[in-house]
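In what follows, a structure is listed as structure tokens, so that the remarks can point back to it.
The values are calculated or read from the model by the stated rules, or taken from the named source; none is laboratory data. Since the structure is predicted, the reported quantities are computational estimates derived from the model, not experimental observations. So basically every Cβ, Gly included, is an ideal-geometry build from the backbone, and we count neighbours across all protein chains shown.
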């Protein structure tokens with residue numbers, strides 16, 4: 001068994017879901033991991049990680065719209081607005097999702113469901129460079 005580690009840098013252009021599955025799969029291939037576990041962590045308080053439907057783009061659109069309705073910007077009661085109207089809501093959206101994920105690796109592939117994909121969920125309006133830490137326990 002050995003630990004492998006790397007990080008991904010993702011340039012976002014505003015709110016939305018950014019696919020990570022291809023980059024993660026590419027790393028697994030370059031590491032020649034056959035069996036193990038991948039751990040992902042995003043060290044940001046206004047972005048998160050999710051696993052969701054990856055086949056139909058309207059599923060992404062619906063999820064993004066859901067969060068717009070669930071945690072809208074510009075509410076009168078928001079106090080944390082130093083960086084703009086999206087400051088407080090971006091942190092709220094991040095706590096409703098995840099900052100880390102664990103995904104098994106079987107036969108060299110992420111053990112995701114047929115329609116699942118891994119995404120970085122950007123909650124801020126303006127562009128950011130986000131880092132995702134990747135650790136893999138290679139058991140084969």
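Residue selection: residue 14 fails the criterion of being within 17 Å of residue 122 (Cβ to Cβ) and over 20 Å from the mean Cα position of the chain (by Cα). Please determine whether any residue of segment 8-29 is in a strand (DSSP E or B), surrounded by fewer than 12 Cβ atoms within 10 Å (Cβ to Cβ), on the phi < 0 side of the Ramachandran plot and at pLDDT 95 or above. Yes, there is a match, as at least one residue in segment 8-29 is in a strand (DSSP E or B), surrounded by fewer than 12 Cβ atoms within 10 Å (Cβ to Cβ), on the phi < 0 side of the Ramachandran plot and at pLDDT 95 or above.
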